[in-house]
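What follows is one structure encoded as structure tokens, with my remarks underneath.
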Number of protein chains: 4
Amino acid sequence: MTAGGQRWAAGLYSDHQIAERFSDETLFASFSRFEQALVNGLAKAGLVAAADAADLTRQIAAFEPDTAAITETGIRDGVPVPEYVRQLRVHVSGPAKPMLHHGATSQDLMDTATIEALASVNLVLSERLHGLLDQLSGLSARCGGNELQAITRMQPAITFHASDRIATWRQPLMALRDRLFALQEENRVLQFGGAVGDLQALGDNAEIVARSIASELGLRWPGHSWHSARGPVLAQANFMSELTGTLGKIGQDVALMALRGSDDIRMSGGGSSSAMPHKQNPVTAERLVTLARFNATLVSGMHQAQLHEMERSGAAWMLEWMLLPQMCETAGASLLAAFALIESIEKMGKSA
Amino acid sequence: MTAGGQRWAAGLYSDHQIAERFSDETLFASFSRFEQALVNGLAKAGLVAAADAADLTRQIAAFEPDTAAITETGIRDGVPVPEYVRQLRVHVSGPAKPMLHHGATSQDLMDTATIEALASVNLVLSERLHGLLDQLSGLSARCGGNELQAITRMQPAITFHASDRIATWRQPLMALRDRLFALQEENRVLQFGGAVGDLQALGDNAEIVARSIASELGLRWPGHSWHSARGPVLAQANFMSELTGTLGKIGQDVALMALRGSDDIRMSGGGSSSAMPHKQNPVTAERLVTLARFNATLVSGMHQAQLHEMERSGAAWMLEWMLLPQMCETAGASLLAAFALIESIEKMGKSA
Amino acid sequence: MTAGGQRWAAGLYSDHQIAERFSDETLFASFSRFEQALVNGLAKAGLVAAADAADLTRQIAAFEPDTAAITETGIRDGVPVPEYVRQLRVHVSGPAKPMLHHGATSQDLMDTATIEALASVNLVLSERLHGLLDQLSGLSARCGGNELQAITRMQPAITFHASDRIATWRQPLMALRDRLFALQEENRVLQFGGAVGDLQALGDNAEIVARSIASELGLRWPGHSWHSARGPVLAQANFMSELTGTLGKIGQDVALMALRGSDDIRMSGGGSSSAMPHKQNPVTAERLVTLARFNATLVSGMHQAQLHEMERSGAAWMLEWMLLPQMCETAGASLLAAFALIESIEKMGKSA
Amino acid sequence: MTAGGQRWAAGLYSDHQIAERFSDETLFASFSRFEQALVNGLAKAGLVAAADAADLTRQIAAFEPDTAAITETGIRDGVPVPEYVRQLRVHVSGPAKPMLHHGATSQDLMDTATIEALASVNLVLSERLHGLLDQLSGLSARCGGNELQAITRMQPAITFHASDRIATWRQPLMALRDRLFALQEENRVLQFGGAVGDLQALGDNAEIVARSIASELGLRWPGHSWHSARGPVLAQANFMSELTGTLGKIGQDVALMALRGSDDIRMSGGGSSSAMPHKQNPVTAERLVTLARFNATLVSGMHQAQLHEMERSGAAWMLEWMLLPQMCETAGASLLAAFALIESIEKMGKSA
């Protein structure tokens, strides 16, 4: 399904760099890493001989799934893992083969892959956020001393300086930059619970295996699975929407300044009109508002998706899949748009 | 942007037949029809000579836009029309050339194209809805006499028959089928307002031109533009979510029946599990719930998008574009899933 | 629970006239009418002797419920009807007593009471909507000829007249006025299904009884119950949000005009500031935006509440109760605010 | 405005203890504390003589506002502070009188009062959350060893123990308990910015005054105002919905267990039915689902409300007021309901 429908609109909402983090290739690479880490964990627990584990992980690493078959079977299974694992079982051989996927379940692979995708997304967002903050500092250095009409409740209040409004844009972004760092830490969490979340197939070895997988994947083992407790994905969704909301506020301010005129702002490269050649529309500013309201809409669905039934809810889980990648891509597109918008500001405020 | 992220998930949420209605090709074909109808309307009003109009419409019909350039320029303009019209102007020649796009604006083309896309979407949905109703009749004919435990507030109430529950599924779908017919009529409405919605460039000829365009495109002329009054797209969004909600209720019932066991329902082709080979998960039933909650989430954004600023809001308009095609595709996917789900029911209720 | 928290804010969001339609008194009066109509229906079907029915309905009419006990027991039952009926049973006597509430269930009383409340709400809204349309006509008569800067995508486009913008406010409101009339008709629908929705306790008499109740209450009998098919309440919710959205767009326009200054608009009675005595904030205009976004938020929950489980869902039903009265009151408050806002406009546009 | 409409329903959704935190009395007490702290801050900065400040704060402390007048004037001003301050100015006298409210603005008082209300709310929630966790430990101690059917994707998976499911309920609640502690710290933040957020009226004294107010009120001074950056209230909203979502998942599990029957769960005190005396409906479990979906709906509006225009947005600010108190009260009611629900569990799982 394509948000926005037409391909022509891709540039308005899409973010290929973020989208790539949710591609089939990235997903299956995560699956592969998980299955390898699991085998190594089983070996650490003494459930597989070290040499056999090494042999099996080599085979897993070399496996290339038949994506078309997974796409087709995924409709029936509601998740790509069963077919992936079936193919992988056909692919591998050797004494450790019966221990492939041992103790794990579809959700372990899927959620851990999501965690890895989000970590990778957040790296991209973090870099862009730093860039945007630098750029806002530059804008403040360039125009900060200019006089600007402060506006409260849609009415001229008193005047202040361009730097004062820019500061109200930068402060929440700095807070988000710090919190994104914290989110990256908190959200590096392994999903591992087995069929019903209690790792019962591994008995006393569960903890050793879990810690080993987490360590190999560079994740944290929280001491238990979180199949039906969706804290990490919800935290990501909340953050994505808070980020786009903060940028949307900047977009709205710029659109309002553009409406008020050149004493407030002067920009280059506005949108043209098919009917009125004289116009330069603050399209990128509007777009930031759009992206903010889009994520503010979608975040509700992520909160609804907290109501997983019993030990695993297909209904709630699939809802996350429909929403969270879009929210991340929207956040990415919003940061790109914000950068382009600030870049296009020729002058902000009235020079003395 | 891709809802659901991975391509493997396409089969869960996508509907290629609906998606095609929002493709670039379909969009540009609508643009072409509009520009031709406009020229013919101008001719009817005596603003263009008949022969010149015929020559110009032939050229418009033959025009093939440079989509890549539109995609790129669309980011700046926030709408594909200015670049489309620019290319078209370069393409055409002759005495009527100055009257190309005369009196129209980007929003006239975009909204009318949306109206045409929705009409086409609704035809598809209508056919499927009829098919689903037939299928439910068949299910009732097959299993309707079986005894079934009625459940109120998550507790066994008294027993009734399978046909009774199937009736509670069919009745709202029949109402929606009738309302979809009405929606198709109401929503066949031309958008035409020119630069600021009042058709002032056409003066006294506005009504003639508008009626002519509407007639040629098989649409209704409501007597005025609706650039900032979003009734038609909101009606579509509400309907899409009511449709997926009604189907989601069926999905939830089936999932609950599957949970209660074979006295309630027996289905074929359930989803398999990577950890528990004995399982047959009611994945399609869950999916109907997912799609319902997805549209129930998105509909909020369409209501937010009612707040168009002044004569045209880029921010609110782009939000519609991000949401409405997805909502239509979700409705399409939901109907396909419902059909597959009912098809998979081997038995409902307990035979006497 | 109080939206907005503080009592001081009551004037911003509340509408006592609408709220009264959802009071306990109104609810229990509906219950009483339903139980009387049911007895009369049973008499029509020959299940109760005419004289006994007359005696019983007199007793029902005279019954005054112990509201405090209903409030307390309602927490346990999740619905006020069981305790209401229990008290009523204690209150009445005579030969028809065993037929009290016969064939009905809690949801029949609750949903029918809601239908009656909504009909009453819609009468109020309809009157106000007519008043607002008149007032807008007056504004147009007064200032319509003034020149006004049309604004598209937050940029000055070309000029038109104040009447042109006022027309874009009036047109969707006229459409809503017509649709409200249609909604009032469609939504006058009896809920009557008995324990599990199929009226099985009444056997062949179901249709007679149902038609009789509907006729006595001035409602339509749709031929079946709609316990789990929530079309009527959803239609109301959609409409409430479309109404507040349309008024919110007016509010936003006025706020933007106030920002642009006195060539656009001049109003009396703006809000004062604790820090800047010179300010006159367009508070009522802002409030229309607030109320629009509030209903656009809540409507999502009503769409989520479509997923009633099986024959009756307490969870989804209670969600409707939390949302729909608020949405109606918000619509009422929005109409009052719109009236006050238009009233306060001293001048719109620039006189020639 | 009253969520849920009828008073009879108050017990389902309301939480008087939480509601009291948003009462007029509590609000005006916060205002009074702020104005006193401001005077003391001005004294610390040498702008008011110490003795005069002491005299003025005594007068402020003794002031009792005319609430009716504030309610009435609040409609015009869209905020209660201007009228409160006007009354206060009339009330006080002495040499420091001109410095009353000096450097502050309405939003400083309102937002700081909100911060104080939330801190108080969170204390209540925190206590209840601890109590609920204890109670769940007790349930696990009592029934944890019983065998229970684990359910994934609405199908029986393998069996585990009651303690395993209870653990999936407790783990996210423990995480929320820890995060609530962190939230209480982060959200103790003073709002202080003056007319347009930059404290310009205080010049070089701004920092001294701000630190003094913060210290007196037991809050943190973040170094700048946050008039248009809504991090703290958004964090509260996200948390409220995550809490109700986590409890809603428990409610849904219990309702599903009640549907599956007494091998899963046995409860006392279920809801009665007006039509079927044999029923015991899991009403409190359903209610937890309702409250979760309610907050998951409202949270979207709080994210929309991030888009404050320029230095202060009445529209976005009032939207917060409509939503956040309800979300807090819903969280409170949800914790009370969860406690009652767990209390009512007589047996969970099948004893060996």
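The values are calculated or read from the model by the stated rules, or taken from the named source; none is laboratory data. All values reported here derive from a predicted model rather than from experimental measurement. Glycine gets a Cβ as well: all are built from the backbone with ideal geometry, and neighbour counts include every protein chain shown. The protein model used for the area step is the full one, side chains on, heavy atoms only, and it has no ligands, DNA or RNA in it. Shrake-Rupley method; radii C 1.70, N 1.55, O 1.52, S 1.80 Å.
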What's the average, rounded to a whole number, of partner chain beta-carbon atoms within 10 Å of each residue's beta-carbon in C:277-288? 6
Over the protein assembly as shown, average the accessible area per residue using a 1.4 Å probe and give it in Å², no decimals. 30 Å²
Mean other chain Cβ within 10 Å across C:192-202 is 5
Normalised contact order of segment D:16-348, rounded percent, pairs of Cα under 8 Å and 6 or more residues apart: 19 percent
Under the convention of a label 7 Å out along Cα→Cβ, give the distances in nm from A:Asp66 to the same position in every other copy, shortest first. 4.4, 7.2, 8.4
Between copies, how far apart are the D:Gly269 label points? List them in nm, one decimal, shortest first, with each point 7 Å from Cα toward Cβ, please? 4.8, 5.0, 6.4
Measuring from the lowest to the highest alpha carbon on each principal axis, how far does segment B:63-128 reach, largest first, in angstroms? 46, 28, 20
Can you give the convex hull volume per residue for the Cα atoms of chain D, as a whole number of Å³? 147 Å³
First obtain the Kirkwood hydrodynamic radius of segment D:1-156 from its Cα pairs, then insert it into the Stokes-Einstein equation at 25 °C and 0.890 mPa s, and state the resulting D in µm² per second as a whole number. 127 µm²/s
Pairs beyond 21 Å (Cα-Cα), from A:Lys44/A:Lys97; D:Lys44/D:Lys97; B:Lys249/D:Lys350; C:Lys44/D:Lys279; B:Lys350/D:Lys350: B:Lys249/D:Lys350; C:Lys44/D:Lys279; B:Lys350/D:Lys350
Solvent-free Debye scattering, log10 I(q)/I(0), computed from the Cα coordinates of segment D:175-246 at q = 0.14 Å⁻¹: -0.52
Which residue in C is nearest the C/B rotation axis when you measure from the C-beta atom, and what is the distance in Å? C:Ser300, 2
Stokes-Einstein D (µm²/s) once Rh is taken as the Kirkwood radius of segment C:215-293 over alpha-carbon pairs, at 25 °C in 0.890 mPa s: 155 µm²/s
Calculate the spin-label point distance for B:Glu185 paired with D:Gln184, positioning each point 7 Å from the Cα along the beta-carbon direction, and give it in nanometres. 6.2 nm
Checking A:Arg179, A:Arg170, A:Arg230 against a Gaussian network model of chain A (alpha-carbon springs below 10 Å), the top fluctuating residue turns out to be A:Arg179
Of the candidates A:Pro172, A:Pro98, A:Pro156, which one comes out as most mobile in a Gaussian network treatment of chain A with C-alpha springs shorter than 10 Å? A:Pro156
Shortest first and in nm, the label-point separations between C:Gln135 and its counterparts in the other identical copies (7 Å out along Cα→Cβ) come to 4.5, 4.8, 5.1
Using a 1.4 Å probe on the protein heavy atoms, what percent of the accessible area of the protein assembly as shown belongs to carbon and sulfur? 52 percent
Sort A:146-152, A:100-106 by packing, meaning the average of other beta carbons within 10 Å per residue, with the highest value first. A:100-106, A:146-152
Springs between alpha-carbon pairs under 10 angstrom, Gaussian network model over chain D: which of D:Ala292, D:Ala210, D:Ala19 fluctuates most? D:Ala19
How big is the gap, in Å, between the Cα center of segment B:72-135 and the Cα center of segment D:43-67? 66 Å
Regarding the protein assembly as shown, what's the average projected area of the Cα-atom convex hull, expressed in nm²? 52.4 nm²
Between segment B:336-352 and segment C:308-352, the alpha-carbon center distance in angstrom: 41 Å
Just counting partner chain Cβ atoms within 10 Å, what average do the residues of peptide B:242-254 show around their Cβ? 5
Per q in 0.12, 0.13, 0.14, 0.20 Å⁻¹, report the Debye log10 I(q)/I(0) for segment B:128-193, using one uniform scatterer on each alpha carbon and no solvent. -0.46, -0.51, -0.56, -0.84
Residues of segment B:289-303 that become at least 30 Å² less accessible with every protein chain present than in their own chain isolated, using 1.4 Å: which are they? B:Thr290, B:Arg293, B:Phe294, B:Ala296, B:Thr297, B:Ser300, B:His303
If one takes the accessible area of chain A alone plus chain B alone and subtracts that of the pair, with a 1.4 Å probe, what total in Å², rounded to the nearest 100, results? 5900 Å²
Membrane-span-like helices in chain C: DSSP H runs reaching 20 Å or more (Cα, own axis), mean Kyte hydropathy at least 0.0? C:24-44, C:106-143, C:231-260, C:283-304, C:314-343
